[in-house]
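Enquirer: To start, I am sharing the structure in question, which I have written as structure tokens.
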Amino acid sequence: MLLAAQSLDQAAGAEVGAAGAVPLDRSELAPYLLAMALDMCATHIPPDRAVDELLEVSAGSPMALLAARALGAALHKELPGDKAARMVVDLLTDAVRRARVQAFGADSLS
């Protein structure tokens, strides 16, 4: 989580278009994206708005969202009966799909 916060902080302080304007390894954002998804599910943010926010923070990176989804799936495996854990996986899956469509024009997770 600390790496994600540092990476976001560095990117926020960079000039638009500069090399440092995006995190070097967007997968570092995965814990932060998972925390965001958990928070948005817990506070009942509408799914479309939540996906929009996840895409904005991840800069549309399918890899960052896929890493967050993997963390969410691991959480769901530990809490199989937890509805919120399932909702987080579903939300992150939707975000991954939309990011893939935007980045590659494909709508599959394979």
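The values are calculated or read from the model by the stated rules, or taken from the named source; none is laboratory data. The model shown is predicted, which means the values in this text are computed figures rather than measured ones. Quick reminder, even Gly has a Cβ in these numbers, built from the backbone with ideal geometry, and neighbours come from all protein chains shown. These area figures cover heavy atoms from the full protein model, side chains too; ligands, DNA and RNA do not enter into them. Shrake-Rupley method; radii C 1.70, N 1.55, O 1.52, S 1.80 Å.
Enquirer: Return yes or no: is A35 exposed (fewer than 13 other Cβ atoms within 10 Å of the Cβ), of a type in the set (G, A, S) and without any contact (Cβ under 8 Å) to a residue 60 or more places away in the chain?
Expert: No.
Enquirer: Right, something else. Taking into account only those residues within segment 1-58 that are not in a helix (DSSP H, G or I) and not aliphatic (A, V, I, L, M), which is modelled with the lowest pLDDT?
Expert: The selected residue is P23.
Enquirer: Okay, moving on. Just the residues that are open to solvent by 40 Å² or more (accessible area, probe 1.4 Å) and either closer than 15 Å to L38 by Cα or part of a helix (DSSP H, G or I) (or both), please, taken from segment 77-89.
Expert: Passing the criteria: K77, E78, L79, D82, K83, A84, R86, M87.
Enquirer: While we're here: Looking only at residues in segment 58-73 that are open to solvent by less than 50 Å² (accessible area, probe 1.4 Å) and of a type in the set (A, V, I, L, M), which one is farthest from the chain's Cα centre (by Cα)?
Expert: Checking each candidate, the answer is A73.
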